[in-house]
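The values are calculated or read from the model by the stated rules, or taken from the named source; none is laboratory data. Just so it is clear, the model here is predicted, and its values are computed rather than measured. So basically every Cβ, Gly included, is an ideal-geometry build from the backbone, and we count neighbours across all protein chains shown. Ligands, DNA and RNA are excluded from the accessible area calculation, which covers all protein heavy atoms including side chains. Shrake-Rupley method; radii C 1.70, N 1.55, O 1.52, S 1.80 Å.
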Amino acid sequence: GLAVIGDIGGDILPLEVTTFKGSGSINITGNLEAMMKESGQIAVTHVHSFAKDYGIDESVFKDTTINVHFPDAAPKDGNSAGIAMSIGIISVLTGRKVNCDVAMTGEVSLMGKALPIGGVQEKIIGAARAHMKKVLLPYANKEELDRVPSEVKDKLEIVLINTVGDAVKHALLPLETKDEVSQGLGVHG
């Protein structure tokens, strides 16, 4: 994910998602404010509602607990990590790895729309500083790209997305086959 962090400006916002046999609940942890936790709830609700579209067996939500964690100690608020949380949840439930060269930002609606966010310039500069190769940005933020310096934009492939489905196409790697895993040919991020 991408965030604007105090005086630092834009930076990457690492997040981890894991599952375990449990009650079908969702835990969103880290030094988070209420809006960020609500964004996580919306991400989970969206993925659950559209599970079949993402190749997820809907029954997994009955007895699997999902934990989304932001390990960075800096306090986080805002709602611009919804797309990243959705991608993390889809990744862990499908077994498809996230491309580590892709950063993303955007709020998510219950229907999976990528909603606009603030701090576009700072976030894109942060992605470039973190040596990301691609940034996924809500299409609704397109006009704000004009404010980003060309020398920063030239370092990145900026992809405008309308939905979580668009983000899946750019952020998740293909599912590894058993042969690739056993031969050590899998892509690791």
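So which of Ser59, Ser86, Ser23 ends up being in contact (Cβ under 8 Å) with a residue 40 or more places away in the chain, open to solvent by 20 Å² or more (accessible area, probe 1.4 Å) and over 19 Å from Ile125 (Cα atoms)?
Unique residue meeting the criteria: Ser23.
I need the full set of residues from segment 30-56 which are open to solvent by 50 Å² or more (accessible area, probe 1.4 Å) and hydroxyl-bearing (Ser, Thr, Tyr), in order please.
Thr45, Ser49
Being within 24 Å of Val120 (Cβ to Cβ) and among the aromatic types (Phe, Trp, Tyr), is that true of even one residue in segment 69-81?
Yes: segment 69-81 contains one or more residues that are within 24 Å of Val120 (Cβ to Cβ) and among the aromatic types (Phe, Trp, Tyr).
For segment 146-175, enumerate the residues that are open to solvent by 20 Å² or more (accessible area, probe 1.4 Å), in contact (Cβ under 8 Å) with a residue 60 or more places away in the chain and not in a helix (DSSP H, G or I).
Listed by number, the residues that qualify are Leu173, Pro174, Leu175.
Suppose we filter segment 128-145 for residues that are charged (D, E, K, R) and open to solvent by 70 Å² or more (accessible area, probe 1.4 Å); how many remain?
Residues meeting the conditions: 4.
Which of the strands (runs of 3 or more DSSP E) contained wholly in segment 31-145 include at least 2 residues that are in contact with a Ser or Thr (Cβ under 8 Å, 6 or more places away or on another chain)?
Strands (runs of 3 or more DSSP E) meeting the threshold: 64-70, 134-138.
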